[in-house]
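Below is one structure; the comments refer to it alone.
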Amino acid sequence: MNYQSILISVGIIITLFSCSNSEQDAFYKQKDDESFSQDWISSSASIEQNKDTTRKFIRSADLKFRVKNVIQSTYDIEGIVSNHNGFVSYTNLSSQVSKSKNISLSRDSILETTYYTVTNHVTIRVPNTKLDTTLKDISRNIDFLDYRLIKAEDVSLQLLANKLEQNRSEKSEKRLETAIENKGEHLIDVSKAEDALTSKQQSTDNAMIANLSLTDQINYSTINLLIYQKQDIKREVVANLENNSKYEPSFTTKIIDSFAYGWFILEQFILFLSKLWGLLLFGIISYILYKRFWHKKN
């Protein structure tokens with residue numbers, strides 16, 4: 001009895017230990033898959049480096065990957081972007097039909113089969129400090145990665161060039177304003193000077209706007225996504241409005257339909273007879289009794 005108790009206890013311990021190991025293996029496998037997808041999508045180019053203050057980078061990412069369900073992944077990605085204080089600037093959800101075919105079922109109906117793929121082009125903007133974490137969070141939707149392109153473009157010299165152009169234009173504006181005030185009596189000279197002043201002002205504005213645009217791209221990184229799912233099929237029976245002879249079923253189809261209809265009639269007849277089993281049984285018993293007593297009388 002003691003040996004049996006010991007064996008049962010050891011068996012229970014081994015079972016619990018095996019279950020625990022299985023759960024741990026599944027957990028670590030899931031973690032490994034998540035780490036693998038994050039390693040694929042993450043890059044040092046997407047991480048903001050605070051050590052170098054002389055360089056200014058415009059960081060962007062382009063990704064194409066397959067997901068389980070485009071609509072669900074779109075909602076998840078939009079939630080991720082919102083959590084990282086970003087915003088969606090463009091989204092285009094559509095279904096691309098690859099092919100379709102029609103099969104005639106009868107004179108007035110057609111089986112319409114459509115093969116299509118759901119895709120979504122998404123453009124999102126997130127703070128440059130959140131680019132890497134945003135990409136890692138998006139990676140949980142990846143079923144198959146087609147490509148991942150991450151760029152970090154140094155625009156510090158371009159910012160400097162725009163700033164210098166803005167300073168030169170502002171100085172030139174002041175000189176032209178002074179010249180216009182001193183030569184106010186010469187209308188022709190004033191007109192030419194004012195045209196030149198307008199041109200310089202436009203140059204100043206363009207340099208300032210260019211720097212503002214670069215600053216915006218530096219502060220907010222752009223992520224372009226193209227997500228899609230596996231090809232899906234939709235089947236639907238629709239009315240044959242044309243009812244042309246080309247949609248008429250073939251002779252083989254008619255033969256098969258005829259046999260099927262005949263079998264249906266036979267099934268209904270058997271079912272009808274089965275519902276009359278009481279009468280049939282009564283008739284059989286009456287016949288047996290009749291034959292027995294009739295023979296006795298004779």
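The values are calculated or read from the model by the stated rules, or taken from the named source; none is laboratory data. Treat the numbers as computed from the prediction; the structure is a model and nothing was measured. Backbone-built Cβ (ideal geometry, glycine too); neighbour counts: all protein chains shown.
Side notes on the structure shown:
- Condition met for Asp216 (part of a helix (DSSP H, G or I), under 44 Å from the mean Cα position of the chain (by Cα) and modelled with pLDDT of 65 or more): yes
- Among the residues of region 54-91, those identified as hydrophobic (A, V, I, L, M, F, W, C), under 19 Å from Ile218 (Cα atoms) and in a strand (DSSP E or B) are Phe57, Ile58, Ala61, Phe87, Val88.
- Every pair of residues 6+ apart whose Cβ atoms lie under 7 Å, when the first sits in region 74-94 and is among the aromatic types (Phe, Trp, Tyr) while the second is surrounded by fewer than 12 Cβ atoms within 10 Å (Cβ to Cβ): none
- Selection over region 130-166 of residues that are at pLDDT below 90, among the polar types (S, T, N, Q) and touching a Ser or Thr at 6+ places or on another chain (Cβ under 9 Å) gives a count of 2.
- Residues in region 228-258 that are surrounded by 10 or more Cβ atoms within 10 Å (Cβ to Cβ) and at pLDDT 80 or above: Tyr228, Gln229, Lys230, Gln231, Asp232, Lys234, Val237, Val238, Ile255, Ile256, Asp257, Ser258.
- Among (1) in contact (Cβ under 8 Å) with a residue 60 or more places away in the chain; (2) not in a strand (DSSP E or B) - the single one Thr113 does not satisfy: (2)
- Verdict on Leu131 being among the aliphatic types (A, V, I, L, M) and in contact with a Leu (Cβ under 6 Å, 6 or more places away or on another chain): no
- For Leu225, the stated conditions do not hold, so it cannot be described as closer than 30 Å to Asn128 by Cα, modelled with pLDDT under 85 and among the aliphatic types (A, V, I, L, M).
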